[in-house]
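Just so you know, all these numbers are worked out from the coordinates, no wet-lab data involved. The model shown is predicted, which means the values in this text are computed figures rather than measured ones. Positions of Cβ are backbone-derived with ideal geometry, glycine not excepted, and every protein chain shown enters the neighbour counts.
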Amino acid sequence: MRALWKLFKILFVIAVCLEIALQIYNPFSGRVKNGEIVLPKNTQYTTDLPQVQGLDSQLIHTKNSMGFRGEELTDSNAIKILCMGGSTTECYYLSDGKDWPNLLGKKLQKTNPKIWLNNAGMDGQSSFGNLQMLKQYILQMHPNYIILMCGLNDMSLDEPSKFDQYDGTWFKKLYNKLELPSTILNIIRAGKAKDAGLNHQFIDDITSMDTMIMNDSQILHRLEKEQKYIGPYKNRLREFADLCKQNHIQLIFVAQSILFSDEKDLLTNVYLGHLRTGEINGKARSLILKMYNKSTYDVANEKGVPFINLAARLPKDSRFYYDGYHFTNDGADFVAAMIGEELISKKLIPLK
């Protein structure tokens, strides 16, 4: 018993020392801290990138006073549009002005100069995070439109832990000021994303990627395992849609697109279905994403929300993706053109 007590005291001292060190400087600091989103306002990132086809050699990524990407809001009468989602919306590794929301905003401004559009995407954000972002920041901005691209980060996503749900009690207020718990959780989440193959991993040569053969029964088994996550995902989208309607915000859903599929790459002729994507192959990954995109469509149809099927329109071309998930400069330009065409042709936004 004395040995256990001694061990406990040692571990407690170590934890206290780590907490003090992380309060001074946290090299693992994430944008989610104990269930609350922390936006990096008035921040600029400059990064020298390796030689990656489709990306600039130097990245300049700026966050404005709201913590988003884009111009400051100077006209209170502007038509306010926010693009929300995860890393495929934020486009972290695309320089300022080359992320698809920014490109989309410039295209839309040609039809209506009163439009103001910002990129509120956040790396790793799932529908849980989108809901939190909506409640914590977006609703008080009173946007006219929200364009939401989601689904990919919700794959196999369980409910958040109770510690991730801020309830205002003194214990949670104290907990939310600590760095160590949130740091541990963010490291675990990053590890899960890596295991799933969803984090940023530049592909130098798609022809040399690892392959993984899965037979039909293995793929079907994996799809069946995913089924339990679909219902909760749809419920989160319903809540998001209801909040938008209650606050007089026009919501627009966008289906997510990835390179992996049961097809060949248009550039290299490589079969994308056998490429390894985390613990499964490209064919299985694409079928799972189709489950989520279909769920997004179902909720859109149920709630009367416009739905843009980007997944059906974006070609399976590795020139558009630097890792199979995230867009290159050309990919972002194509995405902006496709979404812009849908918004304008279907008159989903006010034109001149």
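Counting other C-beta atoms within 10 Å, which of Asp123, Asp96 has the fewest, and how do the rest follow? Don't skip to the answer; put the middle values down first.
Numbers: Asp123 20, Asp96 15.
Ascending Cβ contact count within 10 Å gives the list Asp96, Asp123.
Computed from backbone phi with θ = phi - 60° and the Karplus coefficients 6.51, -1.76 and 1.60, the 3J(HN,Hα) list for segment 211-216 is 10, 8, 8, 10, 7, 4 Hz; x is used for glycine and proline. What whole-number distance in Å separates the alpha-carbon centres of segment 122-139 and segment 269-334? Each part's Cα centre sits 21 Å from the other's.
Scoring 311-323, 47-59 by mean Cβ neighbours within 10 Å over their residues and listing the highest first yields 311-323, 47-59. Its relative contact order, with pairs defined as Cα atoms under 8 Å and 6+ residues apart, puts segment 31-345 at 21 percent. Using a cut-off of 20 Å between Cα atoms, the listed pairs Lys225/Lys290; Lys114/Lys135; Lys110/Lys303; Lys234/Lys347 include Lys114/Lys135; Lys110/Lys303; Lys234/Lys347 as exceeding that distance. Taking other C-beta atoms within 10 angstrom as a stand-in for reagent exposure, Met338, Met66 fall in the order Met66, Met338, fewest first.
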